[in-house]
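One structure is given here, and the rest of the page talks about it.
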Amino acid sequence: MKFNEALIATLREEALKASKQAYAPYSKLHVGAALLANDGNIYRGANVENASYGLTLCAERAAVAAALQAISQNRENLVEAIYIVNTKLPAIPPCGACRQVLYEFGHGGIIFFDGQDGVKKSSIEKLLPEAFRLNV
Ligand SMILES: [Zn+2]
């Protein structure tokens, strides 16, 4: 899929909307993700923190969960792209846990995030080159 500037801008805008719904009373870091799924729709996710920090859910995984609620076929190739923004830091690629989850649902998916000098672009395979995979 081609990602022109208009589509990338739309994904960023949706990710910013998602960040407004974050629940982040502890870190104050409001993260939003906009996932372009293989059905052509955009699904949003925001981080959900917990007093027990380890239970915190990242925006990326929240977006994957939202997409899974709507899509019932070809789920292993769900993620065409995901844009991640936050309200504090200039650049924030997905954490390790989210990289593994994105790998599960989107081989070849493109990852966009805000960099210090504009949009940064990567891929799931580049960020997690030897992903864990069960051969079942
Ligand atoms: Zn994460």
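Against the definition (open to solvent by less than 40 Å² (accessible area, probe 1.4 Å), within 16 Å of the ligand (Cβ to nearest atom) and either in contact with a Pro (Cβ under 6 Å, 6 or more places away or on another chain) or more than 22 Å from residue 24 (Cβ to Cβ) (or both)), how does residue 132 come out, yes or no? Taking the combined requirement at face value, the residue does not satisfy it.
Whether a residue is more than 16 Å from the ligand (Cβ to nearest atom), of a type in the set (D, E, K, R) and in contact with a Leu (Cβ under 8 Å, 6 or more places away or on another chain) was assessed, and residue 80 passes this test. Taking the condition within 20 Å of residue 7 (Cβ to Cβ), away from the ligand (no atom under 16 Å from the Cβ), open to solvent by 40 Å² or more (accessible area, probe 1.4 Å) and β-branched (Val, Ile, Thr), does residue 71 pass? Judged against the criteria, residue 71 is not a match.
Here residue 115 passes the criteria (1) open to solvent by less than 70 Å² (accessible area, probe 1.4 Å); (2) touching a strand residue (DSSP E or B) at 6+ places or on another chain (Cβ under 7 Å); (3) more than 15 Å from the ligand (Cβ to nearest atom) except the one numbered (2).
The rows are residues; the columns are (1) among the acidic types (Asp, Glu); (2) in contact with a Cys (Cβ under 9 Å, 6 or more places away or on another chain); (3) in contact (Cβ under 8 Å) with a residue 24 or more places away in the chain.
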{"residue": "5", "(1), (2), (3)": "yes, no, no"}
{"residue": "15", "(1), (2), (3)": "no, no, yes"}
{"residue": "18", "(1), (2), (3)": "no, no, yes"}
{"residue": "23", "(1), (2), (3)": "no, no, yes"}
{"residue": "27", "(1), (2), (3)": "no, no, no"}
{"residue": "31", "(1), (2), (3)": "no, yes, yes"}
{"residue": "39", "(1), (2), (3)": "yes, no, yes"}
{"residue": "42", "(1), (2), (3)": "no, no, yes"}
{"residue": "47", "(1), (2), (3)": "no, yes, yes"}
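Considering the stretch 1-26, and only residues there that are charged (D, E, K, R) and under 16 Å from residue 62 (Cβ atoms), the residue that is least open to solvent (accessible area, probe 1.4 Å) turns out to be 14.
The values are calculated or read from the model by the stated rules, or taken from the named source; none is laboratory data. Predicted, not measured: the structure shown is a model, and the values here were computed from it. Glycine also receives a Cβ, built like all others from the backbone with ideal geometry; neighbour counts cover every protein chain displayed. Each accessible area value is taken on the protein alone, full model and side chains, heavy atoms only, with ligands, DNA and RNA left out. Shrake-Rupley method; radii C 1.70, N 1.55, O 1.52, S 1.80 Å.
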